[in-house]
Amino acid sequence: MNFRSQLVAKPYFVAALALFLGQILFGLIAGFQYVDGTFLFPAIPFSVSRMVHTNLLIVWLLMAFMGAAYFIVPEEAQTELYSPRLALATFWVFLVAGALTILAYLLVPYSDLAAATGNAMLPTMGRGYLEQPLPTKVGIVLVALSLLFNISMTLFKGRRTSLNVILVGALWGLALLFLPAFYFPEDTVKASYGWWWVVHGWVEGDWELILSALLGFILIKMTGVDREIVEKWMYVIIAMTLISGIIGIGHHYYYIGAPEYWIWLGSVFSAIEPIPFIMLIVFSIRMLLKRRRENPNQAAMLWALGTPIVAFLGAGLWGAMITLAPVQYYAHGSNFTAAHGHLAFFGAYAMVSLAIISYAMPLLRGRVANGIAAQRWEMSGFWIMVISMLAIALALSGAGIVTAFSQRMGDHPLSFMDTQAQEQVFFWLRELAGVGFLAGLLAYLVSFFVPGEAGYDAAVKRALS
Amino acid sequence: MQQVFTKAMARNIFLGGAVFFLAIYVALSVDTWRQIPVRDHASELSAAVRHGKYLVDSNNCIGCHTVNGEGAYYAPELGNVYTRRGPDFIKQWIKIQPTGVPGRRQMPHFDFSDAELNDLVAYLQWLSHIDTNHWPPNAEG
Ligand code: HEM
Ligand code: HEM
Ligand SMILES: [Fe+2]
């Protein structure tokens, strides 16, 4: 860390991790409601536990991305952040608005919340991931504008590296792609078509740019490889992302009422969407092999290598399995989709957030790297979370396959509820794996409380003092 | 390789590819926009259907259910529930929730008036007529 103003990233990272813990607790509640439908009912219906789970996911990822931006942009621009005070004020606004929204979900029936927040005037509520009441949505836009103003001004007054331009540009894209959340036409088919601009546009477009930028930054810092090489890789990877992903959005248009040509276009283009993920793996491995120095932060190295691999499994492999129209015909809107959603969101965006936190947090706490003991806790957390998430994805895939065969094929298909009863064992396995995931997350969090610094630097510091 | 394929070339592929495919996407979307009202009978979006849709959204039905495969996977598909169950069953079902059967997944009680229930069913009926390329594979959704 070279600039004082980078310190403002710290509260963002801390809050991100706290919200992550909340996300997992509500995931466990929702998962348990899958096996015991009366659990916590009617205090917290499934729709509420699920909404809190997915909304906390989005909020903590945005927190982590913002923290990453406030950390990286000044470092890349080689200048102090334009306004650290604005960044800090924005943090509190975002945190309080987020907390109030979650509380409202838990305490107020959804339709009352809609009535109280002017949803009738401009309807935006009641769509996946975008359930927030109007004031929260407006708040998100304002927070994003504050971030964009701050980092763009920083970029303009400092060094303009390609990496920084990509990162700042992608954050502009993130904000722009949120705007369709305010457009909710009365025609349900048009509404679905536009909903994917936000959801697909984020995870299979814009956020992949953020993913590449964060990974690229970590790799430059940790390996000392020539920036020109890293940035060239990044451009090629994000080129492939958009070349495949823009028309690839068609894989959501097969069965919602859009014209038939999307069946062909969506299948062909989304089938090549795994390529940028494969390239990310090759990129990371090659940069690590070319490294010109050994970094004492082994845990951050593990995250940086693990991220593209698990992202590929979740997005590239699990996504590809359901992306061709004839397969999706049977898998669409089943727990197979949830299997893919979990492994992809975790592997790509949760893990890259944890990677940048792993790299930056020790620096923000005034050390080059954590001590061996802390890193052991962190790396145990890595493995337990990754393995548990793979188990969650496998269990949900099992459930999805049963749906395809029992409910959607044959002359005597079972009803939805009867099929779900058949899948009970998979839902138990998912919940078990979920408890494992929580254990991994706790081990990871423990690492922050284990004292000590990396050996060499600690020794140097002691000698100098 | 350094000389043959430069960073500037990579950046140009990125920008060119993005603009090119975005332009194609916009053109396709314009055509899709023209076709959707035909495929989903938008002319039948009556005041009742619109209000029914508002009730579905503002009560977060897709927090448990799917509509044309989008939403949550906890409860049955609603895009074709009108075909599967018919109007009377649907109204009766909503009125008697929750079932309270131990261990069974519970649907909350929504305090809809009879007029609201009619609008809701009108919307579900409208949904069931959308041309979704023959999805779901059968009435079970
Ligand atoms: C990191 C990147 C990705 C993330 C985070 C992600 C996440 C998700 C999520 C959460 C959904 C469910 C949306 C809903 O609630 O309805 C979804 C659906 C889907 N994704 Fe991805 N995805 C990613 C990349 C990909 C890729 C690369 C492919 C194709 C190769 C793909 C193919 C699909 C398909 C086909 C569906 C629709 C499934 C259905 O019809 O039910 N995804 N994705
Ligand atoms: C303890 C671990 C977890 C459990 C038990 C759990 C459970 C659940 C449940 C029950 C749902 C609702 C599925 C439905 O709609 O029927 C859900 C949705 C979702 N969860 Fe989790 N979750 C866990 C961890 C995670 C993590 C770590 C992530 C991402 C980093 C995540 C991302 C999501 C997403 C994106 C959805 C929406 C999926 C879709 O619509 O296809 N979850 N989760
Ligand atoms: Fe997609």
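The values are calculated or read from the model by the stated rules, or taken from the named source; none is laboratory data. These figures come from a predicted structure and were not determined experimentally. Every residue, glycine among them, receives a Cβ derived from its backbone with ideal geometry; neighbour counts consider all protein chains shown. Note: areas computed on protein heavy atoms with side chains; ligands, DNA, RNA excluded. Shrake-Rupley method; radii C 1.70, N 1.55, O 1.52, S 1.80 Å.
Overview of results
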| item | result |
| --- | --- |
| Subset of the range B:70-128 (residues that are polar (S, T, N, Q) and facing chain A (nearest Cβ under 8 Å)) | B:Gln106 |
| Residue within the range A:6-16 that is within 16 Å of ligand 1 (Cβ to nearest atom) and of a type in the set (Phe, Trp, Tyr) present | no |
| Out of A:Ile237, A:Ile256, sole residue that is at pLDDT 95 or above and either in a helix (DSSP H, G or I) or more than 14 Å from chain B (Cβ to nearest Cβ) (or both) | A:Ile237 |
| Among residues of the range B:47-61, those that are farther than 16 Å from A:Lys190 by Cβ, assigned to a helix (DSSP H, G or I) and either among the aromatic types (Phe, Trp, Tyr) or facing chain A (nearest Cβ under 7 Å) (or both), counted | 1 |
| Residue that is crowded, with 20+ Cβ neighbours inside 10 Å and more than 21 Å from B:Tyr73 (Cβ to Cβ), where the choices are A:Phe283, A:Phe346, A:Phe336 | A:Phe283 |
| Checklist (1) aliphatic (A, V, I, L, M); (2) touching a residue at least 60 places away in the same chain (Cβ under 8 Å); (3) touching a Pro at 6+ places or on another chain (Cβ under 7 Å) applied to A:Ala320, failing item | (2) |
| Among the candidates A:Ile275, A:Ile220, A:Ile243, A:Ile263, residue that is away from ligand 3 (no atom under 16 Å from the Cβ), part of a helix (DSSP H, G or I) and open to solvent by 10 Å² or more (accessible area, probe 1.4 Å) | A:Ile220 |
| Test result for A:Val165, part of a helix (DSSP H, G or I), within 12 Å of chain B (Cβ to nearest Cβ), surrounded by fewer than 20 Cβ atoms within 10 Å (Cβ to Cβ) and among the hydrophobic types (A, V, I, L, M, F, W, C) | yes |
| Hits in the range B:102-135 (condition: within 23 Å of B:Val38 (Cα to Cα) and open to solvent by less than 20 Å² (accessible area, probe 1.4 Å)) | B:Leu120, B:Val121, B:Tyr123, B:Leu124, B:Trp126, B:Leu127, B:Ile130, B:Thr132, B:Asn133, B:Trp135 |
| Check on A:Gly245, more than 9 Å from chain B (Cβ to nearest Cβ), among the small types (Gly, Ala, Ser) and out of contact with any Cys (no Cβ under 9 Å at 6 or more places or on another chain) | no |
| Within the range A:185-202, tally of residues that are open to solvent by 30 Å² or more (accessible area, probe 1.4 Å) and more than 19 Å from the chain's Cα centre (by Cα) | 2 |
| Residue that is farthest from A:Ala18 (Cα to Cα), among those in the range A:42-56 that are in contact (Cβ under 8 Å) with a residue 40 or more places away in the chain, within 14 Å of chain B (Cβ to nearest Cβ) and part of a helix (DSSP H, G or I) | A:Ser47 |
| Yes/no for A:Phe71 being more than 16 Å from ligand 3 (Cβ to nearest atom), farther than 26 Å from A:Ile392 by Cα, surrounded by fewer than 20 Cβ atoms within 10 Å (Cβ to Cβ) and away from every other protein chain (no Cβ under 14 Å) | no |
| So A:Leu394, is it away from ligand 2 (no atom under 12 Å from the Cβ), under 30 Å from A:Leu17 (Cβ atoms) and surrounded by fewer than 21 Cβ atoms within 10 Å (Cβ to Cβ) | yes |
| All helices (runs of 4 or more DSSP H) inside the range A:322-424 with 2 or more residues being within 14 Å of ligand 1 (Cβ to nearest atom) | A:325-331, A:335-344, A:351-364, A:372-402 |
| Matching residues in the range A:119-150 - criterion: being surrounded by fewer than 21 Cβ atoms within 10 Å (Cβ to Cβ), within 14 Å of chain B (Cβ to nearest Cβ) and over 17 Å from A:Val198 (Cα atoms) | A:Ala120, A:Met121, A:Leu122 |
| Single unsatisfied condition, A:Leu176 versus (1) crowded, with 17+ Cβ neighbours inside 10 Å; (2) away from ligand 2 (no atom under 16 Å from the Cβ); (3) closer than 26 Å to A:Ser270 by Cα; (4) without any contact (Cβ under 8 Å) to a residue 60 or more places away in the chain | (1) |
| Odd one out for B:Thr32 among (1) more than 7 Å from every other protein chain (Cβ to nearest Cβ); (2) assigned to a helix (DSSP H, G or I); (3) crowded, with 18+ Cβ neighbours inside 10 Å; (4) not basic (Lys, Arg) | (1) |
| Which listed residue, of A:Phe32, A:Phe46, A:Phe26, A:Phe39, is within 16 Å of ligand 2 (Cβ to nearest atom), touching a His at 6+ places or on another chain (Cβ under 7 Å) and open to solvent by 10 Å² or more (accessible area, probe 1.4 Å) | A:Phe26 |
